[in-house]
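Some notes on the structure that comes next.
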Amino acid sequence: MQPSKKILLLPLALLLVHACDRSRLNLDIAIVPREVMNFADVNSSRDDYNSAGPTVYFAGDGFTLVFSTNRDSNGADFDLVSYQCVVNFDQMNISFDIWPDPQDYPIIDNINSMYNEWGPYLTDELVEYYYEDEVLPDTGRFFFSSDRKGNQDIYYCYYSPGGATIPGNQAVSVSSLNTEFEEGYLCLHQEMPTIKEAAANQEMAADQEATANQEMAVKQEMTVKQAAASNTETCYFTSDREGTFDIYRATGEANRKIETSGALQITKMDHLSSTADDKCPYIVNNMMVFTSDREGGQGGFDLWYSLYTDGTWSAPENFGPEINSEYDEYRPVIIPIQPDIFLNDMLIFSSNRPGGKGGFDLYYTGLNKRTGTSFTMQGK
Amino acid sequence: MKKQAPNTIPPLLLLALVFFCASPVSAQETINRNALSFSAGTAVPFDEFAYSRFTYRAGFAQPGVNLDAKIIHYGKRKIFGIYADAGYAYLFFNEKRYLAEYERIFEDEGTTSVTTGGYHFLKAEAGFLIRTIAIRDTRIILQTGVGYTLCRHPYLSAVNSYWGVVNTVNSDLDLQLTGTAGVRVEHTLDEYTGIHLSYQVFACKPSFMDRESYRAVTFYLPVRIQNINFGLTRYF
């Protein structure tokens, strides 16, 4: 090609290079809409409820959703199913969507039985350093409840990433929690540092950097490890052992996980419970959400929340009419999304309100992240 | 039997030949081969650059002003020429529509306020032009060129009383390859002076950095502007 022709083609080539482009964004970070949306792509004409998702921040692209449904048994019994949910958010058009895709989650096949399976709760953190329990690396715990022995009890089993089963690892009853009454909906509570503590830690870290005193840093690290090693694991669950369903807290033995602790310290959370039924506690960071048909709601079971500050739970607050309805709202779960990606978290719950596909359906909505030790309620 | 059509010049070709190649007969053909022109007028965005919805690559640009200076050199027959051009354009940002879009998205979620600026473009280009024969001392000049434009994206900010700061785009500069095409109607007043009305389409695709967004993305803005100018020409 002649040099003159090459020169003429240069601008065209430059323009073509710029053909692959991105648009100006209208939001710095994404937002889960506040509108309550029917999770239509996962719902069926049967009951779909008791969901669970990641309990630690996920990166905003996708998460595993597990929930209980009686769709496959024509309403006869509830089994767990799993979906891989891809979050699609457009910061330019400001649109939000979730694309769920049924996923093969072998652990669920291992758990499901001819009886009911409810209230799944997954942990994905079993690479722990300060517990004496022998666990396989890169495994998580899968808690659920089932009535396979007559009444509803809490069970657990270990699983590998991707939902793979661990050979020889069958679901086991958390016998130290279970009674002849109904128990279910276990969730763990890992206390998050308060703002004050976090600030103090930051200050300490800054001091360390300034002095560059390695010896002191090692000493402090050992202190932290010792403190962590004396940690006990705490969980919350529901039981009707005193007549109505209430929320209970169980604290494990020092240095042991909840399911392997022989003697648990179980306390009824009078502060969170009422004379009505209080069920399905679910904790992410320092926020507990649960369902209750106590007075002061919008009708039927409503969703409530409480915040953990300085070692105590705040008085439960109703989520209000933006989320609750005169029908039942059940089993709320918080899907925590990385704060630098999403401005808020997601709340998934079930409801038998009209407009769904039938029975209980799953719904999702945006939920403000906690800021410091307070929580801004939507619309308040 | 069909009659053979005579071998004649197609009418359109004939017209084009007359249009471009007829001998200059008007007085203005005595003008010099070089010209310097200045013009000013309005700059009107179009296409996606003027879109004012949160849709693909919407620019939210509103009409503004532009200034242009051009130096022209014609060939011997004064039909073809080359030019060099420098210009500046300022386009307003459609703040009202920008705010309306956020209000549409957030509905009753608090109140939203936006801060916006305007688009600045400083261009330098060179190109070719071709002019027609004069009719009553008036002729049409077609032109096209390429060059570079320094584009400045305005600072944008949107704050919602419920969500807080929802968007910030810092002002940013980019030097970008540009292309123009236009038509100009020029009327010669005397041997040295003329006036003209011009219409020019300007296109470029600058890239800017949105440092405040998650993962600090670079975005491209397809700039499309129509300049409608009135100006003076000095022949020398």
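Got a sec to turn the phi values of segment A:177-183 into Karplus ³J(HN,Hα) couplings, 6.51 cos²θ - 1.76 cosθ + 1.60 with θ = phi - 60°, whole Hz, x for Gly and Pro?
9, 7, 9, 6, 8, 8, 10
Spin-label point model (7 Å from Cα, Cβ direction): what's the A:ASN231 to B:THR42 distance in nm?
Roughly 6.7 nm, to one decimal.
With heavy atoms of protein chains only and a 1.4 Å probe, what residues of segment A:90-110 have at least 40 Å² less accessible area in the full set of chains than alone?
The answer is A:MET92, A:ASN93, A:ILE94 - residues whose exposure falls by at least 40 Å² when every protein chain is included.
Say a paramagnetic label sat at a point 7 Å from the Cα of B:THR138, along Cα to Cβ; which residues of segment B:41-74 have their backbone N under 20 Å from it?
B:41-42
Can you give the FRET efficiency to the nearest 0.05 for B:ARG97 and B:HIS187, using r as the Cβ-Cβ distance and R₀ = 30 Å? Intermediate values should be presented prior to the final figure.
Details: r = 39 Å, r/R0 = 1.29.
The value I calculate is 0.20.
What does the extension gain come out to for B:LEU197 and B:ILE79, with contour length at 0.36 nm per residue minus their alpha carbon separation?
Values: separation 118, 0.36 × 118 = 42.48 nm, distance 1.86 nm.
Extra length from B:LEU197 to B:ILE79 when fully extended: 40.6 nm.
Can you pull the mean other chain C-beta count within 10 Å for peptide B:99-105?
The shielding value for this peptide is 2.
Please turn the phi angles of segment A:106-113 into ³J(HN,Hα) values with the Karplus equation 6.51 cos²θ - 1.76 cosθ + 1.60 (θ = phi - 60°), one per residue in order, whole Hz, x for glycine and proline.
Couplings: x, 4, 5, 4, 6, 8, 4, 9 Hz.
Averaging sequence separations of C-alpha pairs under 8 Å and six or more residues apart, then dividing by the length of chain B, give the relative contact order as a whole percent.
This gives 21 percent for chain B.
If you place +1 on the Cβ of every Lys and Arg and -1 on the Cβ of every Asp and Glu, how big does the dipole about the Cα centre of segment B:142-233 come out, in debye to the nearest 20?
On the way: 6 positive and 7 negative charges, 79 e Å.
Charge dipole, segment B:142-233, about its Cα centre: 380 debye, nearest 20.
Starting from the Cα of A:GLN338, move 7 Å in the Cα-to-Cβ direction to define the label point; list residues of segment A:38-77 whose amide nitrogen is under 18 Å from there.
Once the point is set 7 Å along Cα→Cβ of A:GLN338, A:54-64 turn out to lie under 18 Å by backbone N, inside segment A:38-77.
Non-local amide H neighbours of A:ASP293 (under 5 Å, H modeled in plane, Pro and chain starts lacking H): which ones?
Residues meeting the criterion, in which the H sits 1.01 Å from N, are A:ASP277, A:ASP302.
Express the relative contact order of segment B:109-189 as a whole percentage, based on alpha carbon pairs under 8 Å and six or more residues apart in sequence.
35
Considering all projection directions equally, how large on average is the shadow of the alpha-carbon convex hull of segment A:267-372, in square nanometres?
On the way: hull surface 29.1 nm².
Projected over every direction and averaged, the Cα hull of segment A:267-372 covers 7.3 nm².
Over the Cα atoms, compute the radius of gyration (one decimal) and Dmax (the largest Cα-Cα distance, rounded to a whole number) for segment B:103-229, in Å.
Gyration radius and largest Cα-Cα distance of segment B:103-229: 21.3, 67 Å.
Work out how much length B:ASP108 to B:ARG33 would gain on full extension: take 0.36 nm times their residue separation and subtract the Cα-Cα distance, in nm to one decimal.
On the way: separation 75, 0.36 × 75 = 27.00 nm, distance 6.48 nm.
Here the segment from B:ASP108 to B:ARG33 would lengthen by 20.5 nm.
Give me the Kirkwood hydrodynamic radius of segment B:20-175 in Å, from all C-alpha pairs, to one decimal place?
By the Kirkwood definition, the hydrodynamic radius is 18.7 Å.
In nanometres, what is the gap between the two model label sites at A:ASP310 and A:ALA164, each 7 Å from Cα along Cα-to-Cβ?
4.8
Determine Rg/Rh for segment B:183-236; Rg is computed over alpha-carbon atoms and Rh is the Kirkwood hydrodynamic estimate from the same atoms.
Result for segment B:183-236 is an Rg/Rh of 1.37.
Tell me which of B:LEU99, B:THR132, B:GLY117 sits at the most positive position along the dipole axis of segment B:54-154, charges placed on C-beta atoms (Lys, Arg +1; Asp, Glu -1).
B:THR132
Quote the total accessible area buried by chains B and A together, excluding ligands, DNA and RNA, probe 1.4 Å, nearest 100 Å².
2800
Scan around A:ARG34 for amide H atoms under 5 Å from its own, H built in the peptide plane at 1.01 Å from N, and keep only partners 5 or more places away or cross-chain.
Those lying under 5 Å, H to H, from A:ARG34 are A:GLY366.
Which ³J(HN,Hα) values in Hz, rounded to whole numbers, follow from the phi angles of segment B:111-127 under the Karplus curve 6.51 cos²θ - 1.76 cosθ + 1.60, where θ = phi - 60° and Gly and Pro get x?
With coefficients 6.51, -1.76 and 1.60, one gets 10, 10, 10, 10, 10, 9, x, x, 8, 10, 9, 10, 10, 9, 8, 9, x Hz.
Mind checking the per residue accessible area of segment B:90-236 for me, 1.4 Å probe, whole number of Å²? Can you show the working numbers first?
Details: 6410 Å² over 147 residues.
Per residue, segment B:90-236 has 44 Å² of solvent-accessible surface.
For B:MET209 and B:SER171, calculate 0.36 nm times their separation in residues minus their Cα-Cα distance, and state this gained length in nm to one decimal.
Between B:MET209 and B:SER171, full extension yields 12.8 nm more.
Please report, in debye to the nearest 20, how large the charge dipole of chain B is about its Cα centre when each Lys and Arg carries +1 at its beta carbon and each Asp and Glu carries -1 there.
1260
Ignoring ligands, DNA and RNA, what percent of the accessible area of segment B:119-211 is carbon or sulfur (1.4 Å)?
67
Let me confirm one metric for peptide B:165-172, namely the mean number of other chain beta-carbon atoms within 10 Å of its residues' beta-carbons.
If you average over the peptide's residues, the count of other-chain Cβ atoms is 3.
Assuming R0 = 35 Å, what is the FRET efficiency of A:SER95 and A:SER45, from their Cβ-Cβ distance, to the nearest 0.05?
0.80
The values are calculated or read from the model by the stated rules, or taken from the named source; none is laboratory data. Everything quoted here is computed from the prediction, not taken from an experiment. Every residue, glycine as well, gets a Cβ built from its backbone with ideal geometry; the counts of neighbours run over all protein chains shown. Calculation scope for accessible area: heavy atoms of the full protein, side chains included, ligands and nucleic acids excluded. Shrake-Rupley method; radii C 1.70, N 1.55, O 1.52, S 1.80 Å.
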